């Protein structure tokens, strides 16, 4: 054992005293840190696992859409929405289920699924897609005010043209050609120069007369 | 699950994957994950991810190949020098980057398990219905791709598919939208037309020389005559040299002797068969039953070989051949499955053997014909060999001469005579040609034309360097006569321009007249001098000879109070007045027609959703494009 000189000895004493006072805190902090870290890692791992499962389920759902078996599609989509609601697959599944229901004549379920997608979508663009389609469903049910409410919420800029176009459809159905024209014109201003949809909007304006 | 994937693996996705492996290109952007961005120039940056010059060039090259494959001879490689095309290709690459990035950001995952299943279900990677690792690797190697690189690409396309497909294909049509779409497309309107032609105003319009000059100045660019030159040029090509070469009898004989195999035609055999199918995976009992059945048929066939066709017609379960009495026609080795082939090429004519087992099941085979292999004689092959030998000699000679050619045109840049004399080439002269080429196909090479019309070429009339205008053909050219760009003088054009100007002014008159008439008609007044045609029914889809503007005007006309008048300036000159008599909305549509409209509208919506979705990614992304890197650089 080497002998410490006085100064070193002093420092060691200070350190010891400090440890006596704060040692437990340090151990606690390290422990908390370790627990948090592993919790975060565990959470990430769990999330990744969930995403993988959702992805698998989604693949199955996608291939089912080709079979025209509405019940199967609905069940598969329902499962994703229920088990992995936080995953990006859930809203997509809801959109797919809504189409299957709509095509099978079940407008009520379609509306419910679109509402779900609009409420739960994690991506803004997906939410806007859901709102657009929801507005179309409500329009068919002649719930004009509710339909308008969907497209009066602000979408991400890229969906502005489709929103205005839908607004025009609703206003036309309400028998308000002047307002509808304004909406279609707004859609025309936003829609892509080369988009084929542009032509359709133009024709809708022409169809209003003038 | 597996069935599901198999079903999809054989559908469109399989095609995408096939495109991925057969078209080794970088549009999909994975390479930048795998490689270190590549060193050197960058064309664009998408959210920190780069598109390197190298990747862009690869994409360009692949686009070129695809266009060449589709357009064949009419393909013009300079098309890809057009800025808008290059921009479009870059946009496509950016879009892929955006989608790939979007998929990651959204939290989409494609697991290894899923990937493995996909790969193993792709028919191209299978042997005998099963995934084959060696086939997989060799197919990829043939495209100079490694499995990890391919898998990364595949994973990315799967993720993009997950990201976008569910959003677009789930487009649903509201009844209101569909009804209005049908109405718009199916509505018919009965119209009569009256045209006010500019010609009727022509005699009153006089134009003087001053006006013509003014008109000329305004449209001067139309009358620009680009610079032209006449060239003299020398060509060194393997094709030309081939004519000068000779091949001796001895050489031909020697070649024939060394390449005997090349002049052999393989033996062909004709066989009929009866197939009792059984799957490779079938159980033992099933196999046994099939074998017994085949044995029985074999005995029958063996007893009366003459009735083989009859027997095959009744019993064979090969849908392709049963109806023809089992006849498979003539085939050489390599055309049939191995066990079948081995049996056929061991039999003698008329013999019946069986049952032979292959992957298809059990075969009973009768050999009905043999065409022995035959060799082409030396005399028959002589011409072909001679040409081949001359070509080989020419290629060798070309290689020897090419360097001298290149050096001489460069070292004595003011004349082509030295090179022509020393290599015994002919100096040829071209007719007038422009910067974009002319009637001599050989000279229509971008690099050559650029060199010819360069400063040095025009001012100093220097030889161009030796340029390979196509494989195995070198050309050097120099200008002998040059006409700078000029404008056709106005004097030469005065008649033509006078006519044009007169017609334009008459058109203005006609339009004015037409608009006045329309105003009167709209007030309910008569306009007596108009000649109305017969009423016709038009719809947007069947608009006859009417142009887009006229159709738009007709369907824009307020149908509230009929008849209603409208009018448009005709693109060919003149003013078209239109009277809409009545509007006929589509009555009941048959289902097929309605479905057609629904499908069309759905497609439109899907496209628009896709475009909007990509735009939404774009708006959030940080994209920078280096325009100077995008442009074509001449080397």
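Looking for whichever is more than 14 Å from chain A (Cβ to nearest Cβ), part of a loop (DSSP other than H, G, I, E, B) and surrounded by fewer than 18 Cβ atoms within 10 Å (Cβ to Cβ) here; the options are B:144, B:138. Which one fits?
B:144
Within segment B:433-442, work out how many residues are within 20 Å of residue B:237 (Cα to Cα) and modelled with pLDDT of 90 or more.
So the count comes out to 0.
Return yes or no: is residue B:56 surrounded by 14 or more Cβ atoms within 10 Å (Cβ to Cβ) and farther than 30 Å from residue A:121 by Cβ?
Here the answer is yes, as residue B:56 does meet what is asked.
Got a sec? Which of B:517, B:542 is more than 30 Å from residue B:228 (Cα to Cα) and touching a residue at least 40 places away in the same chain (Cβ under 8 Å)?
Checking each option against the conditions leaves just B:517.
Does any residue of segment B:229-239 turn out to be in a helix (DSSP H, G or I), crowded, with 16+ Cβ neighbours inside 10 Å and at negative phi?
yes
Have a look at B:308, B:330 and point out the one that is under 50 Å from the mean Cα position of the chain (by Cα) and part of a strand (DSSP E or B).
B:330
Suppose we filter A:133, A:127, A:92 for residues that are crowded, with 19+ Cβ neighbours inside 10 Å and more than 10 Å from every other protein chain (Cβ to nearest Cβ); which single one remains?
A:127
On the given criteria, is residue B:555 modelled with pLDDT under 90 and either surrounded by 13 or more Cβ atoms within 10 Å (Cβ to Cβ) or touching a helix residue (DSSP H, G or I) at 6+ places or on another chain (Cβ under 7 Å) (or both)?
Judged against the criteria, residue B:555 is a match.
Does any residue of segment A:96-105 turn out to be out of contact with any strand residue (DSSP E or B) (no Cβ under 7 Å at 6 or more places or on another chain), outside any helix (DSSP H, G or I) and either over 29 Å from residue A:51 (Cβ atoms) or in contact (Cβ under 8 Å) with a residue 12 or more places away in the chain (or both)?
yes
Can you find even one residue in segment B:411-426 that is outside the structural domain of residue B:78 (by TED's automatic domain parsing), under 40 Å from the mean Cα position of the chain (by Cα) and without any contact (Cβ under 8 Å) to a residue 40 or more places away in the chain?
no
Considering only residues that are in contact with a helix residue (DSSP H, G or I) (Cβ under 6 Å, 6 or more places away or on another chain) and at pLDDT below 90, which ones fall in segment B:470-479?
B:472
Of the residues B:90, B:115, which single one is in contact with a helix residue (DSSP H, G or I) (Cβ under 7 Å, 6 or more places away or on another chain), closer than 30 Å to residue A:86 by Cα and modelled with pLDDT of 85 or more?
Going through B:90, B:115 in turn, the sole match is B:115.
Quick one: would you say residue B:544 is within 9 Å of chain A (Cβ to nearest Cβ) and assigned to a loop (DSSP other than H, G, I, E, B)?
Judged against the criteria, residue B:544 is not a match.
Those residues that are without any contact (Cβ under 8 Å) to a residue 24 or more places away in the chain and more than 14 Å from chain A (Cβ to nearest Cβ), I need them from segment B:106-129; list them, please.
The answer is B:120, B:125, B:126, B:127.
Quick check on residue B:542: is it surrounded by fewer than 16 Cβ atoms within 10 Å (Cβ to Cβ), out of contact with any helix residue (DSSP H, G or I) (no Cβ under 9 Å at 6 or more places or on another chain) and at pLDDT 85 or above?
no
Yes or no, residue by residue, for (1) crowded, with 17+ Cβ neighbours inside 10 Å; (2) assigned to a helix (DSSP H, G or I); (3) in contact with a helix residue (DSSP H, G or I) (Cβ under 8 Å, 6 or more places away or on another chain):
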{"site": "A:113", "(1), (2), (3)": "yes, yes, yes"}
{"site": "A:117", "(1), (2), (3)": "yes, yes, yes"}
{"site": "A:146", "(1), (2), (3)": "no, yes, yes"}
{"site": "A:180", "(1), (2), (3)": "yes, yes, yes"}
{"site": "A:192", "(1), (2), (3)": "no, no, yes"}
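The values are calculated or read from the model by the stated rules, or taken from the named source; none is laboratory data. What you are looking at is a predicted structure, and each value in this text was computed from that prediction instead of being measured. A quick note on method: Cβ atoms are made from the backbone with ideal geometry, for glycine too, and the neighbour counts reach across all protein chains shown.
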